[in-house]
Amino acid sequence: MLTVVIDGFFGDTGKGKVISHLALCDDVKIGVRGGVGPNAGHTVVFNGKTYKLRQVPSAFVNKKSKLLIGAGVLVNPKIFFQEVELTGTKGRVFMDYQTGIIEDKHIDEDRSSKYLREKIGTTGTGCGPAMRDRVSRTLKLARDFDYLKEYLTDVALEVNEAIDRDDNVIIEGTQGTFLSLYHGTYPYVTSKDVTASSICADVGVGPKKVDEIIIVFKSYVTRVGGGPLENEYSEEEAKRLGLYEIATVTGRVRRAAPFNFNYAKRAIMLNSPTQIALTKIDALFKEDYGKNSYEDLSRDARKFIENIEDQLGLPVTLIGTGPDTHHIVDRRKDYGLI
Ligand code: IMP
Ligand code: MG
């Protein structure tokens, strides 16, 4: 069974938390990361520890899961090694031979470009300049570095063989639908398409192999960097409402807005999801913090969720009630999905 997890807004919806829950719950054999690269920050809170991951897949919480990074992804080896150390995953984490490698010159360019840094508001992690070099066919790949040898594998082959054996595999998307280079709010976007189809292509999996696509929406919308955001709250309003967030990678304040059905409907069109994961419900309904069953949720929270199901025509199968991997309501059984 192949599950693809992608983000329906502008990133930072809590994919890391959703994926870590699935990895533990579903006996996941492979967690494989697609997306752009270390510009993404996924937060996983597990056993009282907070992990901010930019390269290692969030499925690491399951000690039996193999962790892979697709050929379409960019790796900064320094960050990769730090995270392998932090997560203690050496021996079960690998990247594809053809994964692109970010070098210092890419980071310097990203950070010194007025256009990229100030107008677009990039994360300054070198992803855009590295992608450009990849298109120019001058970027070095993982196979060009001897010191990466023990971390290399044929990711597409491993993933496709696992799917053919009926193993559970999760493909982990990064960024968010409206940061897509093609379908997002150009030029305020990242350097690649990040919708479900591209995330699968990053790994080397064809569309017919996908069983479930989980689109992750947060209970409100945030974005970091420049670009439009409908119905944006002022910083004061966001603070008052308890929606004030600091970005994982850049430490910048995240701009915030209410849940947006226009965005959600378009994201559903672009990604063809089968299920919705709705995160941070406890930010809107404080009394629902840490709950694990739908029946226990407050009436207001259930009304909010039912309205989303009605308007979007998809089941809300996973509901995030707090930062920890275990702060989640999993309704997939109720919907006959597992
Ligand atoms: P870049 O991807 O670093 O080039 O940044 C381009 C735009 O995408 C900026 O607005 C970034 O803040 C945004 N961005 C890139 N990656 C992420 C992410 O993982 N979460 C949220 N925003 C992101
Ligand atoms: Mg993030």
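The values are calculated or read from the model by the stated rules, or taken from the named source; none is laboratory data. Fair warning: this is a prediction, and the values are worked out from it, not measured in the lab. Heads up, the Cβs are rebuilt from the backbone with ideal geometry, glycines too, and the neighbour counts pull from every protein chain shown. Remember, those area values only see protein heavy atoms, side chains included, never the ligands or the DNA or RNA. Shrake-Rupley method; radii C 1.70, N 1.55, O 1.52, S 1.80 Å.
For the stretch 96-112, how many residues meet the condition of being polar (S, T, N, Q) and open to solvent by less than 30 Å² (accessible area, probe 1.4 Å)?
Residues of the stretch 96-112 polar (S, T, N, Q): 98-99, 112.
Checking the rest, the ones that are also open to solvent by less than 30 Å² (accessible area, probe 1.4 Å) come to 99.
Qualifying residue count for the region: 1.
Restricted to the stretch 228-248, and to residues that are assigned to a loop (DSSP other than H, G, I, E, B) and in contact (Cβ under 8 Å) with a residue 60 or more places away in the chain, which residue is farthest from I319 (Cα to Cα)?
Here is the first cut: in the stretch 228-248, the residues assigned to a loop (DSSP other than H, G, I, E, B) are 228-234, 241-244, 247-248.
Narrowing the set further to residues that are in contact (Cβ under 8 Å) with a residue 60 or more places away in the chain leaves 229, 247-248.
Numbers: L229: 24, A247: 22, T248: 21 Å.
Taking the candidates together, the pick is L229.
Can you name every residue in the stretch 304-320 that is within 9 Å of L278 (Cα to Cα) and either open to solvent by 20 Å² or more (accessible area, probe 1.4 Å) or under 21 Å from the mean Cα position of the chain (by Cα) (or both)? Can you show your working first?
Here is the first cut: in the stretch 304-320, the ones within 9 Å of L278 (Cα to Cα) are 305, 316-320.
Scanning the stretch 304-320 gives V316, T317, L318, I319, G320.
Could you look through the stretch 279-303, keep only residues that are farther than 17 Å from L243 by Cα and of a type in the set (D, E, K, R), and pick out the one that is least open to solvent (accessible area, probe 1.4 Å)?
The selected residue is K291.
Is it the case that A59 is away from ligand 1 (no atom under 12 Å from the Cβ), surrounded by 24 or more Cβ atoms within 10 Å (Cβ to Cβ) and either over 17 Å from the mean Cα position of the chain (by Cα) or not charged (D, E, K, R) (or both)?
Working: away from ligand 1 (no atom under 12 Å from the Cβ): yes; surrounded by 24 or more Cβ atoms within 10 Å (Cβ to Cβ): yes; either over 17 Å from the mean Cα position of the chain (by Cα) or not charged (D, E, K, R) (or both): yes.
So A59 passes the test.
Across the stretch 113-122, which residue is most open to solvent (accessible area, probe 1.4 Å) among those that are in contact with an Asp or Glu (Cβ under 9 Å, 6 or more places away or on another chain) and more than 16 Å from ligand 2 (Cβ to nearest atom)?
At the first step, the residues of the stretch 113-122 found to be in contact with an Asp or Glu (Cβ under 9 Å, 6 or more places away or on another chain) are 116-117, 122.
So of that shortlist, the ones also more than 16 Å from ligand 2 (Cβ to nearest atom) come out as 116-117.
Details: L116: 44, R117: 87 Å².
Checking each candidate, the answer is R117.
With the requirement that a residue be surrounded by fewer than 24 Cβ atoms within 10 Å (Cβ to Cβ) and either more than 12 Å from ligand 2 (Cβ to nearest atom) or among the polar types (S, T, N, Q) (or both), what does the stretch 31-55 give you?
Matches in the stretch 31-55: T43, V45, F46, N47, G48, K49, T50, Y51.
Is the stretch 17-27 home to any residue that is away from ligand 2 (no atom under 16 Å from the Cβ), among the aliphatic types (A, V, I, L, M) and closer than 22 Å to V221 by Cβ?
Here is the first cut: in the stretch 17-27, the residues away from ligand 2 (no atom under 16 Å from the Cβ) are 21-27.
Narrowing the set further to residues that are among the aliphatic types (A, V, I, L, M) leaves 22-24.
Next, from what is left, pick out any that are closer than 22 Å to V221 by Cβ: none.
Within the stretch 17-27, none of the residues are away from ligand 2 (no atom under 16 Å from the Cβ), among the aliphatic types (A, V, I, L, M) and closer than 22 Å to V221 by Cβ.
Which one is surrounded by the fewest Cβ atoms within 10 Å (Cβ to Cβ) among residues in the stretch 243-264 that are over 18 Å from Q175 (Cα atoms) and at pLDDT 95 or above? Walk me through how you get there before you give the answer.
Here is the first cut: in the stretch 243-264, the ones over 18 Å from Q175 (Cα atoms) are 243-244, 258, 261-262.
When the remaining residues are screened for being at pLDDT 95 or above, the result is 243, 258, 261-262.
Values: L243: 21, P258: 15, F261: 12, N262: 9.
Here the answer is N262.
Among the residues of the stretch 163-194, write down those that are within 13 Å of ligand 1 (Cβ to nearest atom), among the charged types (D, E, K, R) and free of Cβ contacts under 8 Å to residues at least 40 places away in the same chain. So that I can check it myself, show each step before the final result.
At the first step, the residues of the stretch 163-194 found to be within 13 Å of ligand 1 (Cβ to nearest atom) are 172-181, 184-194.
From the residues that got through so far, the ones that are among the charged types (D, E, K, R) too are 172, 192-193.
Correct list: D193 only.
What are the residue pairs meeting all of these: first residue in the stretch 79-91, first residue over 9 Å from Q55 (Cβ atoms), second residue of a type in the set (K, R) and crowded, with 19+ Cβ neighbours inside 10 Å, Cβ atoms under 8 Å, and 6 or more apart or on different chains?
Hits for this filter: zero, empty list.
Look through the stretch 241-275, keep the residues that are among the small types (G, A, S) and within 24 Å of N39 (Cα to Cα), and return whichever of them is farthest from ligand 1 (Cβ to nearest atom).
Only one residue fits best here, namely A264.
Can you name every residue in the stretch 1-27 that is in contact with an Asp or Glu (Cβ under 8 Å, 6 or more places away or on another chain), open to solvent by less than 10 Å² (accessible area, probe 1.4 Å) and more than 16 Å from ligand 1 (Cβ to nearest atom)?
Of everything in the stretch 1-27, those that are in contact with an Asp or Glu (Cβ under 8 Å, 6 or more places away or on another chain), open to solvent by less than 10 Å² (accessible area, probe 1.4 Å) and more than 16 Å from ligand 1 (Cβ to nearest atom) turn out to be L2, V4.
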